[in-house]
């Protein structure tokens, strides 16, 4: 998810930077060189940030504890387990017994912001993993030629 946000941020930055260069520098050649250098620097910084993020993930996976390496899959399995119980197991038990099972989980006592956090976290995890897979298949960024 971060690479997508970073790329979007860089693209948003290019417009205002180009406008500032247009107003401040009348020389077209100098302006073109500066635009090229800015684009190169933004690209290098984006690559450095992505490399740092990759190093953190690699350290978490290779040197971390079992829980540090596997907290994301464990979270997803736990959520799937809860969905299976409430969406499949309890309705099947109700059907098999012919009446509702006296089960009152008190999910309504959990504050709405916590549910929002859970939804954002799970969505971010799924989206982030998708973006990571897409980005890993892209060719590396190369600085602009002068």
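Just a few scattered comments:
- Simple spin-label estimate for residue 45 and residue 95 in nanometres, 7 Å along Cα-Cβ: 5.7
- Computed from Cα atoms, the angle from the helix 28-63 axis to the main principal axis of the chain rounds to 30 degrees.
- Rounded tilt (10° steps) of 112-136 against the dominant C-alpha axis of the chain: 50
- Stretching residue 69 away from residue 132 to a fully extended chain increases their span by 21.0 nm, per 0.36 nm per residue minus the current alpha-carbon distance.
- Rg/Rh for the chain (Cα atoms only, Rh after Kirkwood) is 1.22.
- Relative contact order (%) - the chain, alpha-carbon pairs under 8 angstrom, separation at least six: 48
- FRET efficiency for residue 112 and residue 23, using Cβ-Cβ distance with R0 set to 41 Å, rounded to 0.05: 0.30
- With R₀ fixed at 30 Å, the C-beta to C-beta distance from residue 86 to residue 14 puts the FRET efficiency at about 0.05.
- Helix axis angle, 2-24 relative to the chain longest principal axis, alpha carbon, degrees: 30
Every read-out reported here was derived from the displayed coordinates using simple, explicitly stated rules and does not represent laboratory data. Because the structure is predicted, anything quoted here is derived from the model rather than measured. Using ideal geometry, Cβ is built from the backbone for each residue, glycine included, and neighbour counts are taken over all protein chains shown.
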